[in-house]
Structures are given as C-alpha cells and as structure tokens.
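Worksheet: one structure, shown below.
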Amino acid sequence: MTYIDLFSKWLATTAFSGAVAESRWIVPASQVVHFFGLALLFGMVGMLDLRMIGLGKGIAIGEFSRRMVPWAAAGFLINVITGFIMFAGAPFMFAHNRAFGFKMLFIAVAGLNVLVFYITGIARKVEALGSGDDTPWSAKLIGGLSIFLWVGVMFWGRMLPFLGNSF
C-alpha cells in the first residue's frame, strides 16, 4: 500500500471528508474559489514571467515583483485549501487518477523552479532591473519554464474528469 493510499484511507474515515462528500454545495463552492485562486496565482506569476522573458520591458520589474508576488502567494494558498477540500470529499477518486498525479508533479516542479529562482540569487538580479532593462538568460529560462508548468497544472486539472476513469 502506498502513502497516498494510506492517507486516502485515513482521510475517507474523517468527519471532514464525510461532510464534504455529503454536502451539495461545498465542492462546487470550492471549485469556484479554486478557479479564483488560480486566476490570482497565474495572473500575477504569469505577468511577472512574461516580463522576465522579455515582454513589457517598460515595466520596472522590481516594483512589479514586490507588488504581485504576495497576491500570487495568496492565490496559491487559496488553491491549497480548496484543493484539499475537494480531495477530502473523494480521496480515492483522485488518488489514482493519472491527471491528478501529473497535476501534483507539475506543481512540485513549479515549486522547485521558484526555489531555484530565489536560492540562486536570480531574483535579486531581476528585482534590481529598471524599466527597459533586459533580464539575464537564467531569468528568461525560469520565466518560460514557469509559464509552461502553470499552464500544465491547469491542463492536468482540467483533464481530471477525462483521464483515469475516476469521475
């Protein structure tokens, strides 16, 4: 038995899981809020990534980043919470769905991409750039990869009902 199986088995026995599964409105409401969180996350990160790959050079990236990243983090937190609620309502439906596995993989790699951005010092270099400055190739690579990964998260999330025979 895998860790996801053990976790799903335990979660399915909780009152929280039962409440979500029995409710007619918790999952649909969570889906709406999940999409809002995704819009915040991808909207803010997507604009920053587009600036890093070279679009919108008239924008000073440091100020832009300081203002947008907290909103992106809020969107990610909203998605973690609402995603967990939806998972809790039907843990076995998600646990072995290939699309869910790929979605989680893309989220994990996107998280590693963010860590590389901050740990390597690329973020400091980028935030020091002014209006009209071009980003280093490493920032362009991280920005392009970020766009690819978050679009992949959205793609695999949308594929949940169509792959894996879970829904």
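Here segment 135-154 is the region considered, the condition is being more than 22 Å from residue 67 (Cβ to Cβ) and of a type in the set (Val, Ile, Thr), and the residue that is surrounded by the fewest Cβ atoms within 10 Å (Cβ to Cβ) is 151. Out of all the residues in segment 77-92, is one or more free of Cβ contacts under 8 Å to residues at least 60 places away in the same chain, farther than 23 Å from residue 12 by Cβ and out of contact with any Pro (no Cβ under 6 Å at 6 or more places or on another chain)? Yes, segment 77-92 contains a residue that is free of Cβ contacts under 8 Å to residues at least 60 places away in the same chain, farther than 23 Å from residue 12 by Cβ and out of contact with any Pro (no Cβ under 6 Å at 6 or more places or on another chain).
Of all residue pairs spaced 6 or more apart or on separate chains, those with beta-carbon atoms under 8 Å, a first member in segment 18-45 that is surrounded by 15 or more Cβ atoms within 10 Å (Cβ to Cβ) and assigned to a helix (DSSP H, G or I) and a second member that is at pLDDT 95 or above and of a type in the set (Phe, Trp, Tyr) are 37/76; 40/71; 41/76; 41/150; 42/150; 44/71; 45/150. Just for segment 1-22: of the residues that are among the polar types (S, T, N, Q) and within 23 Å of residue 98 (Cα to Cα), which one is modelled with the lowest pLDDT? The selected residue is 2.
Any chance you could count how many residues in segment 57-78 are small (Gly, Ala, Ser) and more than 13 Å from residue 129 (Cα to Cα)? It would help to see each step written out before you state the result.
Narrowing segment 57-78 to residues small (Gly, Ala, Ser): 58, 60, 62, 65, 72-75.
Narrowing further to those that are more than 13 Å from residue 129 (Cα to Cα): 72-75.
Qualifying residue count for the region: 4.
When 164, 132, 157 are checked against the criterion of being at positive phi and surrounded by 15 or more Cβ atoms within 10 Å (Cβ to Cβ), 164 stands alone in meeting it.
The values are calculated or read from the model by the stated rules, or taken from the named source; none is laboratory data. Note that the structure is predicted; figures quoted are calculated from it, not measured. For neighbour counting, all protein chains shown are included, and Cβ atoms are generated from backbone atoms with ideal geometry for every residue, glycine included.
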